[in-house]
Every structure is written in structure tokens, then in C-alpha cells.
Amino acid sequence: MLLRILISAYQCQSVALGRRGDLRRSVMRTPVHLTNRTNLVSFLQVIYMMKQIYLDNSATTAVAPEVMEAMAPFFSAEYGNASSLHGFGLRTRHAMEKSREEIADTLQASPAEIVFTSGATEANNLAIQGAARARPNRRHLIISKIEHHSVLHTCQWMETQGYEVTYLDVDRSGAIDLDELRGAIRDETLLVSIMAGNNEIGTLAPISEIGAICREKGVLFHTDAVQAYGKIPLPIETVDLLSVSAHKLSGPKGVGLLFVRKKTPLLSIVHGGEHEQGRRSGTENVPGIIGMAAAARLSFGEMEETAARLRGYRKQLIAEIAAIPGTQLNGHETESLHHIANFSFQGIEGESMVMKLDEHGIAVSTGSACSSPNLEPSHVLVALRIPLAMAHGSLRISTGRQTTAEEIDTLLKFLPRVVEELRVISPFKVGE
Amino acid sequence: MYTDKVIEHFRHPHNMGKLDDYSAIGKVGNIVCGDVMWLYIKVEKDEQGREIIADISWETFGCTAAIATSSMSSEIAKGKTLDAAIAITNREVAEGLGGLPPVKMHCSALAADALNEAIYAYLAEAGREIPPILARRHDRISKEVIALEERYRAFPEAEESAT
């Protein structure tokens with residue numbers, strides 16, 4: 001048995017020196033009697049994980065060790081229900097409220113303005129549906145065509161409930177026209193929801209200006225700040241509602257928040273024990289909340305340094321990928337989140353690019369139709385009016401705090417090869 | 001998601017490229033919907049005087065499954081008589097790959113259609129009689145092309161080419 005382990009480990013190491021993807025295949029093909037030994041499998045997976053390059057941080061991020069450490073006691077020792085009156089409950093509540101204060105500070109908000117949720121999907125639903133319940137006479141909503149599905153699909157559902165929704169166009173870079181927004185606001189408009197930074201292309205929205213317009217017109221402004229919070233300073237003086245998710249900033253999955261500015265009309269959409277000042281029932285996910293606060297601490301503490309580094313990677317990606325013929329940047333060169341860069345490659349399809357890069361241990365994502373369950377290309381790329389053929393050949397590279405210069409170099413070494421390999425296979429030759 | 005066989009064909013595709021000297025070509029799919037396959041066949045007579053697919057190759061724009069099914073279908077068709085090649089179904093192509101995810105089954109249909117269209121083009125060009133099954137499938141494929149164009153009309157046209 002021991003000999004087997006050593007042989008396997010040796011094989012994996014030697015394969016790792018060759019092509020990264022083969023390593024995973026060899027792990028997957030480990031004989032059945034070895035896969036029964038869970039310790040061996042995790043041992044091999046550790047080796048395998050070390051060889052991976054994760055450039056899909058817009059999808060989710062690794063929980064940082066300091067975040068794990070902060071959370072750990074709240075699973076076992078401090079497991080009290082924050083609503084309980086005994087010591088267990090009080091200690092938990094105290095820790096949770098401390099986290100609420102810390103998070104409120106990052107938004108220059110007061111703790112009472114923070115409503116913890118199960119994540120940003122719930123926060124976006126609460127913002128839109130909760131505001132609608134509080135102001136039932138206002139039956140019109142305004143969003144952009146490139147909102148996240150949790151906003152887009154919520155609004156589409158609201159249409160089935162008798163609401164009217166205006167979907168604002170965006171330009172080639174993903175920016176809305178502020179005059180068009182101003183013109184779309186009516187007396188019966190309830191709320192405008194525009195995301196702070198787009199999750200697919202990174203384009204930033206001028207949330208101060210949008211908020212000012214909404215103030216002036218007397219409508220609520222919600223922004224989905226999932227990708228922007230903790231990455232860039234957010235001027236939210238004119239924002240009424242703002243959604244955040246912990247797992248996009250090295251925190252745990254399953255926890256997020258909605259910032260609700262004081263006096264913003266909002267009714268709960270989840271009923272029960274009247275937690276979170278009656279705005280969101282359900283026992284608070286205390287370990288998650290502690291983790292989100294730790295992740296916020298970490299992200300805000302190193303914000304400038306990380307931003308400068310990732311901005312450099314983005315510049316490098318844009319410069320070097322432009323050198324591959326038949327490519328384009330989707331989004332904006334500068335008015336963008338620094339951790340997201342989206343490109344299209346002529347003549348090839350995104351899902352096969354993702355799979356080819358995965359062979360080399362590089363994880364990225366695509367907005368291609370073939371990668372989506374309904375076989376439609378990304379609504380964001382379609383809204384940018386990118387030709388469909390180019391939308392199918394899109395690739396999103398999203399870096400994170402753990403991304404290294406070496407990893408970017410490795411991606412840039414393999415990417416032109418992958419593009420070339422797939423172009424050889426494709427009937428559409430670039431430059432012919 | 002994909003079987004090892006799919007990955008193997010995706011990574012090491014068989015019969016890939018364009019034949020220098022081909023008898024006919026079958027073009028199916030549409031770039032706006034994300035799948036295009038061009039299939040080249042070289043038809044020759046074997047020792048018994050039957051027409052066979054002596055050589056075959058393809059070029060595909062598409063996902064992992066589209067590339068793997070292109071490779072597998074060309075392997076299955078190579079050396080077969082035209083009659084036997086006509087009988088190849090998309091199910092057979094998918095089974096050859098150890099199965100495909102349900103959402104990707106249309107990729108195997110694309111490969112079977114390309115073969116159908118190449119043989120159709122070969123017989124039509126030679127002014128030969130088209131077997132009814134081949135003609136029926138050709139009609140369906142042509143109708144699907146029109147339906148696709150209809151469906152994607154709402155999407156932006158290729159307004160600009162990449163730099």
C-alpha cells in the first residue's frame with residue numbers, strides 16, 4: 001500500500017512537470033482500490049490543487065485563512081442563538097453586533113442600516129420586492145440590460161405581477177446614458193437598480209451621479225455592489241439600498257447583506273422570528289457574519305495595495321491579449337473594476353477555450369451559449385451589441401488577492417497556444 | 001460533466017483539418033448559435049466496386065462536445081460504404097463517446113447532419129438519385145437553418161469585425 005502511494009505520488013509529480021491537466025486526469029483514473037482510501041485521495045488533491053491557477057474570482061473566492069480562523073469558534077464553542085437571553089446567546093449577539101459595526105464602518109453607515117441575508121441574491125430580491133411592498137402604489141422599475149440575474153429575473157417576475165420595467169440600454173462599454181435614465185423616471189417609478197461594477201465585463205457605473213438623479217426625482221436607488229464592495233472605495237451618499245456578498249471577497253458562501261439607508265421604505269419578504277429589526281427573519285448565520293466582517297477587514301485593509309497590483313495585471317492582460325490577432329476587449333479599458341477583464345476571440349468558441357485552459361490547470365470562465373443551460377449567450381455581451389459570433393468566443397479572466405504575476409505570465413504563455421489550437425480546428429480562419 | 005472519451009477526442013481530435021482533394025463538403029450549423037461544422041469526404045470505389053468514404057476530415061467551430069462528436073463521427077464513417085454511412089445516427093456518435101450531457105446531444109446531431117449533407121452534396125453534384133431518407137433529412141436540415149436565422153434575427157448582426 002505504501003509503495004502504491006509513493007508510486008502514485010511520484011507519477012503525479014512527474015506529470016505535473018509536464019502538462020498540468022494530465023495530473024488531474026491521472027488522479028481521476030487512480031485505481032478504484034486507491035480511491036477508497038480517502039486520505040490518499042485528499043493527499044493527491046492537495047498536490048493537484050497546488051498546481052492550479054484560479055482566475056475565476058468573480059465567480060467565487062477562496063476563504064482567507066484569517067477569515068476561517070475568525071469563524072471557527074462560532075461553529076463549536078460559541079454556538080449560541082443570537083436571539084437567546086442566556087450567556088451563549090448574549091456572547092454570540094455581542095460578536096455579531098461587533099461585526100455589524102465593523103461592516104457598517106466600511107460603508108460609512110450606521111449598524112442599524114445593515115441587514116444580514118443569505119447572500120446577494122436574497123439582498124437583491126429584498127431590495128426590489130421589499131421596497132415594492134412598502135410602496136405598493138409605485139408600479140414602475142428601472143434597471144439596465146446588464147444587471148445580474150438576481151436583479152433581472154426578479155424584475156421579470158415583477159412584470160408578471162403587474163409591474164412595468166424599463167430596461168436601459170448600455171453603450172459598447174457597458175455604460176448607461178444618464179439622460180436616458182433621467183427621462184425614464186416617472187411619478188410612479190419605485191426604484192432604479194444599477195450595479196456598481198459589472199460581474200462579467202467589470203464596467204463601473206457612476207453611482208454618485210445616478211443616486212443624485214434618483215434623489216432629485218424622489219425615487220429609490222439600489223445598487224448591486226457584489227463585485228465592487230471591498231475592491232474600490234464606494235461613494236454611497238446617494239445610495240438608498242446596496243447589496244453585498246461575502247464569498248466574492250475571501251469570505252464564506254451563504255452570507256451577504258443589504259444596506260438599507262435610514263427611513264428607506266422596506267418590508268420583509270421572509271417572515272418568521274422578526275430578526276434583523278423585522279426586515280429579514282431567520283436565525284442569523286453567525287459564523288458567516290463573523291467571516292464576512294473578517295473578510296471586509298482584510299479587503300479594506302489591503303485595498304489600495306491589492307488594487308494597484310491587480311490593475312497592473314489587467315493592463316498587462318489587455319496589452320498582451322491585443323497582440324493575438326482577432327481579439328477584442330469587452331467592456332471599458334479604464335472605467336472598470338481592476339479584477340475583471342473580458343475578451344472575445346474571433347473564430348473560436350468560449351467553452352472549448354475554458355476546457356483547453358483547464359487542461360493546463362487554469363480556471364477561467366466564458367459567456368458563450370454552449371456553457372449556459374439555455375444555450376443563449378450572455379445577456380451582458382448581447383446588450384453590448386457584440387456580434388454573436390464574438391460573444392460565443394468570450395473569456396472572462398478575474399483575478400484575486402492571491403493571484404501572482406507568475407500566474408498571469410503562465411496564462412499569457414498558454415492562452416495564445418490554446419487560441420491557435422482551436423483556430424486550426426475552426427472553419428473560420430482569422431485574417432483570411 | 002464530460003466522459004473521458006469526450007475529453008480524449010477533444011484533446012486529440014481525429015481526422016481534423018481540410019482535405020486537399022475532396023469529393024464533397026457538408027456545411028451545417030450557424031456561427032450565431034455557436035456551432036458550425038464543415039465535413040469533407042473523399043469518395044472512392046473499393047475492390048468490390050462499391051463507393052466508400054475513402055477519406056474524411058472536418059473543421060468545427062464549437063464547444064468541447066461539438067469538437068469531440070466531429071472527431072468521433074469521422075472515425076465511425078471512415079471506410080464505410082455510402083449506404084452504411086447514411087445509416088449512421090447521432091445516437092451512435094454519442095454512444096461512441098460514452099454518452100453526452102443531455103444539453104449537448106444537439107452537438108452529435110450536428111455531426112450526423114454534416115455527414116448527411118456531404119453525402120447529399122456528393123450524389124446531387126453527380127446527378128445521381130438521392131435515397132429518400134437522405135432527401136428527407138436534407139429538407140429538415142434546410143428548414144432548421146431558416147428557423148435559426150429567424151430566431152436570431154433579433155440579435156445584433158455582425159456589425160463590426162474584430163481588430
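The values are calculated or read from the model by the stated rules, or taken from the named source; none is laboratory data. The model shown is predicted, which means the values in this text are computed figures rather than measured ones. Please note: Cβ atoms are built from the backbone with ideal geometry, for glycine as well, and neighbour counts cover all protein chains shown.
Rundown of residues vs (1) under 26 Å from residue A:228 (Cα atoms); (2) of a type in the set (Asp, Glu); (3) surrounded by fewer than 24 Cβ atoms within 10 Å (Cβ to Cβ); (4) not assigned by TED's automatic domain parsing to the domain that holds residue A:197, yes/no style:
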| residue | (1), (2), (3), (4) |
| --- | --- |
| A:374 | no, no, yes, yes |
| A:382 | yes, no, yes, yes |
| A:385 | yes, no, yes, yes |
| A:397 | yes, no, no, yes |
| A:402 | yes, no, yes, yes |
| A:406 | yes, yes, yes, yes |
| A:409 | yes, yes, yes, yes |
| A:413 | no, no, yes, yes |
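Could you check how many residues of the stretch B:38-85 are more than 14 Å from the chain's Cα centre (by Cα) and touching a residue at least 60 places away in the same chain (Cβ under 8 Å)? Here the count works out to 2.
Any chance the stretch A:139-150 includes a residue that's at pLDDT 95 or above, assigned by TED's automatic domain parsing to the domain that holds residue A:214, of a type in the set (S, T, N, Q) and assigned to a helix (DSSP H, G or I)? Checked the stretch A:139-150: at least one residue is at pLDDT 95 or above, assigned by TED's automatic domain parsing to the domain that holds residue A:214, of a type in the set (S, T, N, Q) and assigned to a helix (DSSP H, G or I). Reported count of residues in the stretch B:97-134, each being surrounded by 14 or more Cβ atoms within 10 Å (Cβ to Cβ) and free of Cβ contacts under 8 Å to residues at least 60 places away in the same chain, is 10. Residues in the stretch B:41-63 that are under 25 Å from residue B:30 (Cα atoms) and small (Gly, Ala, Ser): B:57, B:62. Say we look at the stretch A:220-247 and pick out the residues that are charged (D, E, K, R) and in contact with a strand residue (DSSP E or B) (Cβ under 9 Å, 6 or more places away or on another chain); which of these is farthest from residue A:129 (Cα to Cα)? Among those that are charged (D, E, K, R) and in contact with a strand residue (DSSP E or B) (Cβ under 9 Å, 6 or more places away or on another chain), it is A:231. If you go through the stretch B:66-110 and keep only what is touching a strand residue (DSSP E or B) at 6+ places or on another chain (Cβ under 7 Å) and not polar (S, T, N, Q), you end up with B:66, B:67, B:77, B:78, B:79, B:80, B:82, B:85, B:107, B:110. The combined condition, being away from chain A (no Cβ under 14 Å) and either free of Cβ contacts under 8 Å to residues at least 40 places away in the same chain or out of contact with any Asp or Glu (no Cβ under 6 Å at 6 or more places or on another chain) (or both), is fulfilled by residue B:94. Scanning the stretch A:362-388 for residues that are without any contact (Cβ under 8 Å) to a residue 40 or more places away in the chain and of a type in the set (D, E, K, R) turns up just one, A:376.
Each residue in the stretch B:7-27 was checked for being assigned to a helix (DSSP H, G or I) and either farther than 14 Å from residue B:96 by Cβ or of a type in the set (Val, Ile, Thr) (or both), and 2 pass. The residues listed here are A:258, A:220; of these, the one that is surrounded by 24 or more Cβ atoms within 10 Å (Cβ to Cβ) and touching a Phe, Trp or Tyr at 6+ places or on another chain (Cβ under 9 Å) is A:258. Taking (1) within 30 Å of residue A:386 (Cβ to Cβ); (2) within 14 Å of chain A (Cβ to nearest Cβ); (3) buried (at least 23 other Cβ atoms within 10 Å of the Cβ); (4) within 12 Å of the chain's Cα centre (by Cα) in turn, residue B:34 satisfies each apart from (4).
If only residues of the stretch B:60-91 that are small (Gly, Ala, Ser) and within 11 Å of another protein chain (Cβ to nearest Cβ) are counted, the one that is nearest to residue A:427 (Cα to Cα) is B:62. With a requirement of 3 or more residues that are within 14 Å of chain B (Cβ to nearest Cβ) and more than 20 Å from residue A:55 (Cβ to Cβ), the helices (runs of 4 or more DSSP H) lying completely within the stretch A:313-422 that satisfy it span A:379-383, A:388-392. Does any residue of the stretch B:13-34 turn out to be acidic (Asp, Glu), in contact with a helix residue (DSSP H, G or I) (Cβ under 6 Å, 6 or more places away or on another chain) and closer than 21 Å to residue A:426 by Cβ? So far as the stretch B:13-34 goes, no, none of its residues is acidic (Asp, Glu), in contact with a helix residue (DSSP H, G or I) (Cβ under 6 Å, 6 or more places away or on another chain) and closer than 21 Å to residue A:426 by Cβ. The residues listed here are A:116, A:74; of these, the one that is in contact with a helix residue (DSSP H, G or I) (Cβ under 7 Å, 6 or more places away or on another chain), surrounded by 18 or more Cβ atoms within 10 Å (Cβ to Cβ) and closer than 19 Å to residue A:229 by Cβ is A:116. Restricted to the stretch A:77-113, and to residues there that are farther than 26 Å from residue A:130 by Cα and in contact with a Ser or Thr (Cβ under 6 Å, 6 or more places away or on another chain), the residue that is surrounded by the most Cβ atoms within 10 Å (Cβ to Cβ) is A:80.
Filtered by the rule that a residue be assigned to a helix (DSSP H, G or I) and of a type outside the set (A, V, I, L, M, F, W, C), the stretch A:288-312 gives A:288, A:291, A:297, A:299, A:301, A:304, A:305, A:306, A:309, A:311, A:312. For residue B:54, the test of being farther than 20 Å from residue B:22 by Cβ and aliphatic (A, V, I, L, M) is failed.
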